[in-house]
Structure formats: C-alpha cells, structure tokens
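Just so it is clear, none of the values below were taken in a lab; they were calculated from the coordinates. Predicted, not measured: the structure shown is a model, and the values here were computed from it. Cβ atoms come from the backbone with ideal geometry, glycine included; neighbour counts cover every protein chain shown.
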Amino acid sequence: MAEIPEHATGLVLKAYKEPLVFEKFPLPRSAPTGTALVQTLVVGIRPHCREHFAGNGFLKFNLPFISGNSCVARVISAGPDAVALRPGQLVFVHGFGVARDDPVNTQTLLGLHRGNGLTAEGAERAGVLFDQWPGYWRDFCSVPLENCIALDEKRLVDELGYTFDDLMYIDRLLVAYGSVNAAKLMAGETVVVAPATGHFSGAVVEVAAQIGCRVIALTRSAKKLEPLSSRHANIVVVEVTGDRAADVAAIRSHLPSLKLGADAYIDVSPPQATGNSQHFDMGLEVLRPGARAVLTGALFTATIPYFSLLLRNITLVGKWMYTWEEAERVARMVEAGVFKLGKQAGHDSGSRGFKFEDWEEGLLEAEKAVEWGRHVVFKP
Ligand SMILES: NC(=O)c1ccc[n+]([C@@H]2O[C@H](COP(=O)([O-])OP(=O)(O)OC[C@H]3O[C@@H](n4cnc5c(N)ncnc54)[C@H](OP(=O)(O)O)[C@@H]3O)[C@@H](O)[C@H]2O)c1
C-alpha cells in the first residue's frame, strides 16, 4: 500500500478553452474526521468533458475546476470517526454529494455539476458542498467517508476476475439501480424503458434485466442496442417509427397476455428529447392499473395524460441518483454476480486507461464512447 506523499497531483481547468494544467495539493499526514484519504486507481472521463471545458456545456462549475465524479480507489488513511473503513480497503468512491447537515434539501454532483438547487438558496448550499469536495482527477484525494463503498477485492478480482477498470462501471449501475428500485421492480415484472441506447438508459435496461424483469426497450435504433439486447433473453426491443398507433401495438404485443399492461415505465430521456418525446407518451399509455412511472432522465417539461393516470391509479415518481443503501446494495449484487461487469457483460473500457499526462487523448476517446457499455478511464 502507498505511503501518504507530501502532495497530491491533479488536473485542473483554470480557464475555459485553455489546456488543463497539473497542480500539486498538500496532503494531511492522516485523514481528518469525516474523510478518507484514498489513492485513486481508476477514475472516469465523461463524454461531454471537452464541451464543458470549452464553456459550452450545461453543467455548472466555478473555475479553477477539478473534474472527476467517481473513482475506484484504495484507502490510505481513514478519519478517526471511521468505523468500517481501514487502510488498504478497496472502495468505489461515488460523487453524489449529500450535505451532512441538510441531506434532504442539499445534494450535488461532486466534480461534475455545482448548481442543482431549485431556488437561489438551494443552489448556494449545493455550491458550498461542491466547492468543499473537489473532483477526483487527482492521484490522491480526500473524500467524504460516506461516499466510499467498500468492495470485496478478493471476491471481485481474484474470484470473478474483474479488473479495476471493470469496476468503474459501478458508476452507471448505481444510477440505474436507483431508478429500478424507485420503480419497485421485482423479478417477473414487465418494465418499459425509453430511450435505451445511452450510457445511463442502457444501464437501466441492463439492471432491470439482471434482476429478472421482462424489459421492453424503446429505441430509434434496434441495431444500436444489439450488443446489449443480444445478451439477455428477457430484453425485447421495439424500434419506434413515429407512427404512434403502430408503435403502441408493437409494445403491447410484448406485454404479458394475462395483464392489462406493463408494471412500470422508466423514462431516461435526455434534454434534447424535450418536445419530441412520443416514447414518453407511449410508456405511460401502456401501463396497467396500479403501475409505476419513474422520471429519471432530463426532459425539461412533458405533458401528462392526467385523467388517464388518475383512473389507472398510476404512481408517478421523480428519481435523482441513489441513496446510500442503494449504492451499498449494488456493490453486494456485483459481488454476488447478479450484476456482471467487464467483458463477460459486454462492457468496453477502451483499449487502455489513460495517464493524466495523456488527458487530451483521453478526452477525445471519451467523447466518442457514447454507446451503452462503453467507458473511458484515467489510470493515474
Ligand atoms: N436521474 C438521475 O439521477 C440521472 C443520472 C444520470 C443521468 N441522468 C440523465 O439521463 C439522461 C440519459 O442519459 P444517457 O447517458 O442514457 O443519455 P444520452 O446518451 O445523452 O442519450 C440517450 C439516448 O437518448 C435518445 N435520444 C437522443 N436524442 C433524442 C431525441 N431528440 N428524441 C428522442 N430520443 C433521443 C437516444 O436514444 P435512441 O437512439 O435509442 O432513441 C440516445 O441514445 C441524461 O440526459 C442525463 O442527464 C439522470
């Protein structure tokens, strides 16, 4: 296990459209209360980094900015209040920042997106939290204790044969499981998911299939979904054509014949589908009475069939990210082999992990890796 060095080295964005620069940050001799000091083994690069670093993206952050929203890491030192984490422990450090003194109101995406409050005061509080915990594009990081999910290294690496790169995919499983759990899905139930070919939407399809649901995935391109759909017999793909009656009939042809509709619909639409989301209307239309609909994408607005939802007693749930319990459950399900990772799951973490020095190349590769299952990482 590494000693605590004098300094951590990280990649910093100092000005939009300017190259990232290396900076050194002093490290404490041991982890202070409430924190873990970790050595970063693998850290993700999101597809839209270049766009945001040019000042053109929708994510908010102040400059200077250290990116990096989740990592696989090893604990070097755990704060005096740590009761479970010990030096040497392999952890997945997620980036969903939750205020310790205001957990319901104040949450933020560390190293990714500062402002999330719906009011000015909410945004200010989220900003305080965001600024306190810089992103994980550093070789050693001080991170909130509660963001560290302990991983069973012997099980995952020695027995299941996963690499640390493979474990980075937990990032997507956490978000996907959050929405599958919000839909209260159980094995044997039928869920409609739309869209289905993105990083997160594909992961929702994947997770629902792996917990034993029948999944009807709506997409504009069945071919794009083949790498995922061909792996699971319980995923069927409906390619939407724009002819609503025909598309609804196609969805209904895959519903269990003894039920009046699907048990749940999970919407994972990106913002650009706002105003053009027939899949959303169809997802709601095919639900049985008493079903659940989860809104977990990023549509700015959508119209709902109020009276029809009311008559069917549909529960409409908004879901952002995941709880600590959900994150913990995902880790245990990965260890149990319920959620598969790496090659055996069809995931592709690129040809290699990039060194921080090769950040330009890494960002370019990440920009192209937008399909389900693909992810690009730094290995500092
Ligand atoms: N709730 C949360 O906690 C949470 C967490 C992470 C991400 N998100 C949100 O989830 C959304 C989806 O993430 P992702 O990574 O899966 O997204 P993505 O890669 O941005 O897009 C997913 C899919 O959306 C479809 N699409 C794109 N433009 C469309 C349009 N104009 N009309 C209809 N469909 C369109 C495409 O699917 P087809 O080609 O198959 O139609 C695309 O593959 C994001 O916007 C993100 O902000 C939410």
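Kindly work out what percent of the DSSP beta bridges joining two residues of the chain are antiparallel, to the nearest 5.
The antiparallel proportion sits near 60 percent.
For the chain, what is the mean residue ellipticity at 222 nm derived from helices alone (per DSSP H run of n ≥ 4: -39500 (n - 2.57); sum divided by total residues; nearest 500 deg cm²/dmol)?
-7500 deg cm²/dmol
Listing Trp137, Trp372, Trp359, Trp320 from the residue with the fewest other Cβ atoms within 10 Å to the one with the most, what is the order?
Trp320, Trp359, Trp372, Trp137
Over region 110-151, what is the relative contact order in percent, taking alpha-carbon pairs closer than 8 angstrom and at least six residues apart?
Over region 110-151, the number comes to 35 percent.
Please give every one of the aspartates and glutamates within straight-line cross-link reach of Lys14, meaning a C-alpha to C-alpha distance under 13 Å, and leave out same-chain neighbours fewer than 8 residues apart.
Candidates past the 8-residue exclusion: Glu23.
Using 29 Å as the Cα-Cα cut-off, could you pick out the over-long pairs in Lys319/Lys340; Lys184/Lys259; Lys17/Lys319; Lys223/Lys355?
Flagged as over cut-off: Lys17/Lys319; Lys223/Lys355.
What net charge is computed for the residues neighbouring Arg125, neighbours being all others with C-beta under 13 Å from the C-beta of Arg125, Lys and Arg scored +1, Asp and Glu -1?
Charge balance near Arg125 sits at -3.
How many angstrom separate the Cα center of region 1-42 from the Cα center of region 272-330?
The distance from the Cα centre of region 1-42 to that of region 272-330 comes to 39 Å.
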